[in-house]
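Below is one structure; the comments refer to it alone.
The values are calculated or read from the model by the stated rules, or taken from the named source; none is laboratory data. Since we're looking at a predicted model, the values are computed, not measured. Note: ideal-geometry Cβ built from the backbone for every residue, glycine included; neighbour counts use all protein chains shown.
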Amino acid sequence: MRAETGSSLAGLIDRELRLPEIDGEACVHAQIEQAHCSACVEACPRGAWVLDEDALGLDTEACDGCGLCIPDCPTGALHIHMPWVVRLLGGNPIALFACEHSEARVDDATLPCIHALGIRQLLLLYSAGIRYLLLSTGDCQGCDRCAEDRLGTRLGQLNLALKERHHAPMKALERSPGIFVSLYRSDEVIPHGTRLGRREFLRGGTERLREQLAVLDPLNRPDARRLPPGELLPDAAGEAFHWPWVPVIDEAHCNGCDACAKLCPTGALSVQTGDQEKPPCYHLVPAACTGCGICSSACEQKAVTVHAWEVPVKDRVVLAEHTCRACGNRFHLPEETPDAGETLCPICRQTNHASRLFQVLQD
């Protein structure tokens, strides 16, 4: 009886430890009531995430800790511990990852699922100097968690962006469990002792500092979980390249209410005031976009959308200043909108203030 109780308790603890860590304040649904994000729900193969009109919740009995929701969460509100080690292969540092269904399971290099590595995780590794991944997987095609090659797709997208920026690609190598374990058991090439601050990490640091990955551990740093993926890409100033997320404003439908810019949590969308040389504008920064969709959820005109892995057409939407004939307040509209001659601000347009005032005077 005691043995059964102990086994049951151990199973319960193991299941609890596998559940994703949740940062409730970082979730899109905690930031805006009308959020449309359902990324975790769509990513979960067990239907463990439940979203209704009142709340987003996790069915802990259904969750098996696969981690597939982690890379799809745009704000980094979800996290599982990601074990990994670095070894030397052909003179290059290589990060080792094994699937828990692989025959090469080793505790400190085994993920529940290889496809829990998303764009943010890959870029964190790349920013820290890793160019090669050594993978050992199970039967992905027959897996009821993730039969599609999500990691391969993400690597393809990343490498396109890296090629455009004239940087080396990140390569994934799949080897037999025997070779994986053999390399894992080789001498660890990463010494301990050096720690990087956040700024040093984002700059890449020196080559010597890049070798301290075992201590740095970018995949599990709390301050790295919410970084916009685009900020981790090599600099692309002055040229049009693919970005993980690209915010777009449809000027024909925008009413200049500024809701998108006011609610954007990362500065990917902002209002820039004008001066004598430049008119005011909406400034679009793909590098800062996480794809959270708060801007599009907040836009009543459906003028704002967010696109994955596109080349931005423009980074500014020029605004024309107006004075509202009803309330006298200044407001702006995109220069290229069909409503360029509008004389009411967004609030007065919505409340039909001028018509009501006319009716009162008539009475």
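Every residue in segment 162-206 that is surrounded by 14 or more Cβ atoms within 10 Å (Cβ to Cβ), in a helix (DSSP H, G or I) and modelled with pLDDT of 90 or more, please. Within segment 162-206, 162, 164, 177, 179, 180, 181, 183, 184 meet the criteria.
Do we find a residue being in contact (Cβ under 8 Å) with a residue 24 or more places away in the chain, surrounded by fewer than 15 Cβ atoms within 10 Å (Cβ to Cβ) and farther than 21 Å from residue 227 by Cβ anywhere in segment 277-300? The answer is yes; a qualifying residue exists.
Only a single item in (1) modelled with pLDDT under 95; (2) among the hydrophobic types (A, V, I, L, M, F, W, C); (3) surrounded by 19 or more Cβ atoms within 10 Å (Cβ to Cβ) is not met by residue 347, and it is number (3).
Among the criteria (1) in a loop (DSSP other than H, G, I, E, B); (2) at pLDDT 95 or above; (3) more than 15 Å from the chain's Cα centre (by Cα), the one residue 41 does not fulfil is (1). Annotation note: of 133, 124, 111, the sole residue that is buried (at least 21 other Cβ atoms within 10 Å of the Cβ) and under 20 Å from residue 228 (Cβ atoms) is 124.
Test residue 236 against the stated conditions and say whether it is surrounded by fewer than 21 Cβ atoms within 10 Å (Cβ to Cβ), closer than 17 Å to residue 312 by Cβ and not assigned by TED's automatic domain parsing to the domain that holds residue 74. Considered against the rule, which asks whether it is surrounded by fewer than 21 Cβ atoms within 10 Å (Cβ to Cβ), closer than 17 Å to residue 312 by Cβ and not assigned by TED's automatic domain parsing to the domain that holds residue 74, residue 236 comes out as yes.
In the set (1) within 26 Å of residue 73 (Cα to Cα); (2) basic (Lys, Arg); (3) out of contact with any helix residue (DSSP H, G or I) (no Cβ under 9 Å at 6 or more places or on another chain), the condition left unmet by residue 262 is number (3). Among all residues of segment 325-338, there is none that is among the hydrophobic types (A, V, I, L, M, F, W, C) and under 22 Å from residue 245 (Cα atoms). Could we say that residue 333 is touching a Gly at 6+ places or on another chain (Cβ under 6 Å) and modelled with pLDDT of 90 or more here? Yes, satisfied.
Every listed requirement among (1) in contact (Cβ under 8 Å) with a residue 40 or more places away in the chain; (2) in a helix (DSSP H, G or I); (3) in contact with a helix residue (DSSP H, G or I) (Cβ under 6 Å, 6 or more places away or on another chain) is met by residue 151 save one, (1).
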